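These notes are about the structure you will find just below.
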Amino acid sequence: MRSPLSFMNLPKSTLILLLLALGLGGFVYFYEIRSATQKQEAAVQAKQIFSFTEEQVAALSVKTQNQTLKFERVDKSGQSSWQMKVPNDTPASGGTIAYLLDLLAKGKSDRTLSVSSPQLAEYGLNQPQANIEVKLKNNETHRLVLGNPNFDRSFLYAQVDPPAQNTGNVDVLLVSPDFGNAVNRQLSEWKSQNDNKPSTKSPNPSP
């Protein structure tokens, strides 16, 4: 093993390269360890947004800046389907409803901000892009209010079951932008595709 003096006898250029290599190795090690730790912390901190399951939802309403929609679950002969009640009374698209309910039942958030009530405007929650409300079969109701996206559009700011009056500090969650995709749809996408298809039956022949 070399003594400290033997390293001092190395050429200056070799010593500089050795120090740079040690510094780079230390940086890579620190970065990898820190990155792994942050991922582990995020996984631990990620919490379920709601505790209900998709099957427990009896009714659903979605209010965006462009439209208000209301749906009810219909159970017949052991099978479940969805009926749009507002703005039309017509069968709803099972796939569209299922996509939103899956997000609500399984969605998680790994970050919560505590902000003052006046700050809600900064997150787009004073005039939200959407209000989602679910009514469970046990008559419980839950709401998710969707605000603006964050700076890189990787999350949406949201409130879960907000109080009737916001006083003091309130919690703002960061949720998946998929929620925005799930609710900002054309009316036709919420309706059953079978209901939207034109009839292929031939008209009755004239007598």
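Only one of (1) open to solvent by 40 Å² or more (accessible area, probe 1.4 Å); (2) closer than 19 Å to residue 49 by Cα; (3) at pLDDT 95 or above fails for residue 146. Which number is that?
(1)
List the pairs whose first member sits in region 155-182 and is more than 17 Å from residue 62 (Cα to Cα), whose second member is in a loop (DSSP other than H, G, I, E, B) and open to solvent by 40 Å² or more (accessible area, probe 1.4 Å), and whose Cβ atoms are under 6 Å apart, counting only residues at least 6 apart or on separate chains?
174/111; 174/155
Of everything in region 89-98, what is surrounded by fewer than 15 Cβ atoms within 10 Å (Cβ to Cβ) and touching a residue at least 24 places away in the same chain (Cβ under 8 Å)? Give them in sequence order. Quick ask: steps written out before the conclusion?
The first filter runs over region 89-98 and keeps only residues surrounded by fewer than 15 Cβ atoms within 10 Å (Cβ to Cβ), leaving 89-90, 94-95, 98.
Residues satisfying the conditions are 90, 94, 98.
Could you list, ordered by first residue, the pairs with Cβ atoms under 9 Å in which the first is in region 134-147 and free of Cβ contacts under 8 Å to residues at least 12 places away in the same chain and closer than 18 Å to residue 69 by Cβ and the second is basic (Lys, Arg) and open to solvent by 80 Å² or more (accessible area, probe 1.4 Å), at least 6 apart or interchain?
Cβ pairs passing all conditions: 141/135.
Please go through region 172-192 and pick out each residue that is open to solvent by 40 Å² or more (accessible area, probe 1.4 Å) and under 17 Å from residue 145 (Cβ atoms).
177, 178, 181, 184 - these are the residues of region 172-192 that are open to solvent by 40 Å² or more (accessible area, probe 1.4 Å) and under 17 Å from residue 145 (Cβ atoms).
Just one of 62, 86, 74 is open to solvent by 50 Å² or more (accessible area, probe 1.4 Å), closer than 18 Å to residue 192 by Cβ, aliphatic (A, V, I, L, M) and modelled with pLDDT of 65 or more; which is it?
Details: 62 fails: open to solvent by 50 Å² or more (accessible area, probe 1.4 Å); 74 fails: open to solvent by 50 Å² or more (accessible area, probe 1.4 Å).
Step by step, each of 62, 86, 74 is checked, and only 86 is open to solvent by 50 Å² or more (accessible area, probe 1.4 Å), closer than 18 Å to residue 192 by Cβ, aliphatic (A, V, I, L, M) and modelled with pLDDT of 65 or more.
The values are calculated or read from the model by the stated rules, or taken from the named source; none is laboratory data. None of the values given here were measured: they were computed from a predicted structure. Using ideal geometry, Cβ is built from the backbone for each residue, glycine included, and neighbour counts are taken over all protein chains shown. Areas reflect the complete protein model, heavy atoms only, side chains present, ligands, DNA and RNA absent. Shrake-Rupley method; radii C 1.70, N 1.55, O 1.52, S 1.80 Å.
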